[in-house]
Amino acid sequence: MITPRALAARPWIWSYAGALLVWLVTIAYTGGQGAGGMLTAALSLAQFTVIVGIGQMFVITLGPGNVDLSLPANIGLASAVAMKVMGGDDAMVVPGLLAALGCGAAIGAANYLLIRALRIPPIIATLSASFIIQSADISYGRGLQIKPPPGYADFTNLQFLGVPLLALLTIAFAAGAGIALHRMVYGRSVLAIGQNMRAAWLAGIPVGRVRFITYTLSGALGGIDGALLAGYFRGANVDLGNEYLLSSLAVVVIGGTSVAGGKANVPGIWGAALFLVLLLTMLNTFGVSAGVRMVATGLVIVGVIAAAGGRRSTR
C-alpha cells in the first residue's frame, strides 16, 4: 500500500500522474480516438528530451549554480556535423555519430575549462559558450541541406509493436544512468559533491575531475541527441535544439532532482518529459493557437518548478 509518506519521498511520481491525467483528458475530448497513436508520438518526442535531460541532471546535481545552457547550440552544431560526415551514405552512419559525440564532448569539456580557468559561474560560462557555438553553427551549418542516409532516417523512426525503437534504447540508457548514479563511484561522487563540495574534497574525491567528466558527459549527450534529431526530422537545422533549453531544465526539476544539488532522480526524467509532450498535444487537440500553447506551457512549467522549489526550501 502506498502511503502519503511514501509519495512524499518520491515526488517524481506526480510527473507520471500528470502525464496520465493529460492523456486521459485528451482521449476523453477526442472520444477515445488516436489514444495509442498519441502515446507513440509522445514517446517519440520525449526520448530526445530524456537524453539531454539526463546530462543536465548530472550537471545540476553537482550543486547550486551548476547548469549547462549551451545544449541548444550544441545540438544544432552536432546535427550539422553528423549530417556532413554521413554525407547521405549509410556506410558513414557510425563515423557520423562518433563525430557528433566528439563534437558535443569537446563543447562540454570546453565549458568546464572556461569555468575553471576564468573562475566564473557556470551559468555565465555556458551561456557565453552557446553564443560562440551558435556563431560557428551559423557559419558552418547555415544553408546546409544534407539529408540523413535513408537507412539511418528509417532507423530513427523505427517502431516495434507500436513502440519507437529509440525510446526502448533510451529507457535502457536511463536505467544504466540510474545504476551509475546510485551504484557506481562516479555517480556517488557527483551526489557527494552536490551535498557538500568541501566535505567531498576532504574525503578524497577528485572534485575537479568529476566536474570535468560531468560537463563533458552533458555535452556528449547533447551531441548525440543532435545527430538523432537530424535523423528523425530528416535533416540538420541551426535551430534544431532551441526548445531543449527550457525543457531540459524543466524535466530535471519536475522529475524530482533538487536544484540545490546532491539529490537526483532518473525515473522522474521520463515522467516529466512525457508530461510536457502530452500537455502540448492536449493543447493542440483543443485547437489552441501556437502563442497560447507556448504561454500555457510556460506557466505550467514555472508553476511546477516554483512549487517544487518551495517544498524543498521549506524542508
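We did not get these values from a lab; they are worked out from the coordinates using the rules stated. Here the structure is a predicted model, which means the values were calculated and not measured. Here the Cβ is made from the backbone with ideal geometry for all residues, glycine too, and neighbour counts use every protein chain on show.
Per-residue ellipticity at 222 nm from helix content only, as computed over the chain with -39500 (n - 2.57) for each DSSP H run of at least four residues, stands at -25000 deg cm²/dmol.
Can you figure out the FRET efficiency of ARG234 with LEU169, using R₀ = 22 Å and their beta-carbon distance, to the nearest 0.05?
Details: r = 19 Å, r/R0 = 0.88.
With a Förster radius of 22 Å, E is 0.70.
Across the chain, the relative contact order, built from alpha-carbon pairs under 8 Å that are at least six residues apart, equals 35 percent.
The dipole here belongs to segment 42-314: it is taken about the Cα centre, uses +1 on the Cβ of Lys and Arg and -1 on the Cβ of Asp and Glu, and is about 880 debye.
When the chain is described by a simple charge dipole with +1 on each Lys and Arg Cβ and -1 on each Asp and Glu Cβ, the residue from LEU161, MET38, VAL295 located farthest towards its positive end is VAL295. Projecting label points 7 angstrom from Cα along Cα→Cβ for ILE138 and ALA17 puts them 4.6 nm apart. Per-peptide packing, taken as the mean over residues of other Cβ atoms within 10 Å, places 66-75, 165-174, 107-116, 282-291 in the sequence 66-75, 107-116, 165-174, 282-291 from highest down.
In terms of its C-alpha gyration tensor, segment 76-223 has an oblate overall shape, because the principal axis ratio a/c (a ≥ b ≥ c, square roots of the eigenvalues) is not below 1.5 and a/b does not outweigh b/c. Here the spin labels are modelled as points 7 Å beyond Cα on the Cα-Cβ line, and at TYR186 and ALA41 they lie 3.7 nm apart.
Distant-in-sequence amide contacts of GLN159, defined by a placed amide H-H separation under 5 Å and a gap of 5 or more residues or a different chain, comprise LEU165. Using the beta-carbon distance between VAL302 and ASP90 and R0 = 45 Å, what value does 1/(1 + (r/R0)^6) give for FRET efficiency, to the nearest 0.05? Plugging the Cβ-Cβ distance into 1/(1 + (r/R0)^6) gives 0.55. In the chain, Rg over Rh equals 0.97, where Rg is the alpha-carbon radius of gyration and Rh the Kirkwood radius from pairwise Cα distances.
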